[in-house]
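J.: A single structure is presented below for examination.
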Amino acid sequence: MKKCFKILLVLLLASIIGLFFLYRYLECNPIFLGGGPSGPRPERCDIKEKEQQRKTQMAQLEQLAALEFTCQKEELPPLSEETQQLYNYALYHDLHNMWTGDKGDEVWNGLARYYRIAAANGDYKANVRLQYLLNTGRISTDMPQTEVHNLNEELAKQLLATAYYNLYGYLDEDYGVRTEEGGKYAYLRKAADLGSREAQYTVAEMLENIEDPNESEEAFKYRMSIAKDLYSCASEQGLGDASNELALGLLFHKNIPKL
């Protein structure tokens, strides 16, 4: 009799413990069977996810802010009149088809030859635009990833910074480039250091948006200083968004009362 009682007691305790852990599990992983919306999940449910996000952000910060930034401006090579005529003709029809055309239609596939000829003869504007149209599917081809990869390799001979910035964007899209997890930010920082204004703006934006409650005031000021230098360099190269960020920053600091 006592033995049976002990067994029942153990089973009861096991059931209570099991129900407790099941309840905690369902709090974080609710099963929806219809009806009204459920209440918010407890904070503990997101602890692991938030910690992983924090580690990811810190990894980005270490890559993007590892070195001091010296403003480097990308020098644009000269363009020939002949290739620019091809580029301008293609661009005219390209832009007029942007809002009304369909991906892979006759207009975009027809003008692709002009971009290809111009790009093959060293026109970096045609190269960049052709990469964009292939990447977005507006120009259809059997192997877009291969063509984009080859175009970017040619672009690297003229505009290395822009080519690195393109690699940063292509790493998640199976465009012939591989790197370790998080390694794409090294490409982005390299592009910024070499003079890509788009990369400089992107790095600055990322540095501003990183949130680390454990960051010291000194580290925060250092990070903001690098972001400002990046915005300034991109602005000097004519990037309007970077100029806007600088203006907003000046306006913000101007309106802060001095203690």
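Please treat every number below as a calculation from the coordinates, not as lab data. What you see is a predicted model; the values in this text were computed from it and never measured. Because the Cβ atoms are built from the backbone with ideal geometry, glycine has one as well, and the counts that use them run over all protein chains shown.
J.: Go ahead and run the numbers for FRET between E106 and D241, Cβ-Cβ distance against an R0 of 51 Å, rounding to 0.05.
T.: Values: r = 34 Å, r/R0 = 0.67.
It comes out at approximately 0.90.
J.: On to the next question. A 22 angstrom limit on the alpha carbon distance is what I want to check against. Which of K73/K228; K103/K190; K73/K221; K73/K190; K103/K184 exceed it?
T.: Numbers: K73/K228 16 Å; K103/K190 33 Å; K73/K221 24 Å; K73/K190 13 Å; K103/K184 28 Å.
Beyond 22 Å between Cα atoms: K103/K190; K73/K221; K103/K184.
J.: With +1 on each Lys and Arg Cβ and -1 on each Asp and Glu Cβ, and nothing else charged, work out how big the dipole of region 77-158 is about its Cα centre, in Debye to the nearest 20.
T.: Once rounded to the nearest 20, the dipole reads 140 debye.
J.: Cut-off 15 Å, label point 7 angstrom out along Cα-to-Cβ of Y92: give me the residues of region 101-118 whose amide nitrogen falls inside.
T.: From region 101-118, the list is 111, 114-115.
J.: Under a plain spin-label model, where a point goes 7 Å from the Cα along Cα-to-Cβ, how far apart in nm are E211 and E153?
T.: Computed distance between label sites E211 and E153 equals 4.3 nm.
J.: Based solely on C-alpha atoms, express the radius of gyration and the Dmax of region 77-158 in angstrom.
T.: In Å, with Rg to one decimal and Dmax whole: 11.9, 35.
J.: For region 92-132 and region 189-259, compute the distance between their C-alpha centroids and round to whole Å.
T.: 34
J.: Assuming 0.36 nm per residue, please report the length gained on full extension of the stretch A120 to E218 beyond their Cα-Cα distance.
T.: Working: separation 98, 0.36 × 98 = 35.28 nm, distance 4.94 nm.
Answer, rounded to one decimal: 30.3 nm.
J.: With r defined as the distance between the Cβ atoms of R113 and E173 and R0 fixed at 30 Å, what FRET efficiency is calculated, to the nearest 0.05? Mind dumping the intermediate values first?
T.: Details: r = 25 Å, r/R0 = 0.82.
So the FRET efficiency works out to roughly 0.75.
J.: I've got another one for you. Going by C-beta contacts inside 10 Å, put R138, R113, R223 in order with the fewest on the left.
T.: Details: R138 21, R113 11, R223 18.
Sorted ascending by nearby Cβ count, the order is R113, R223, R138.
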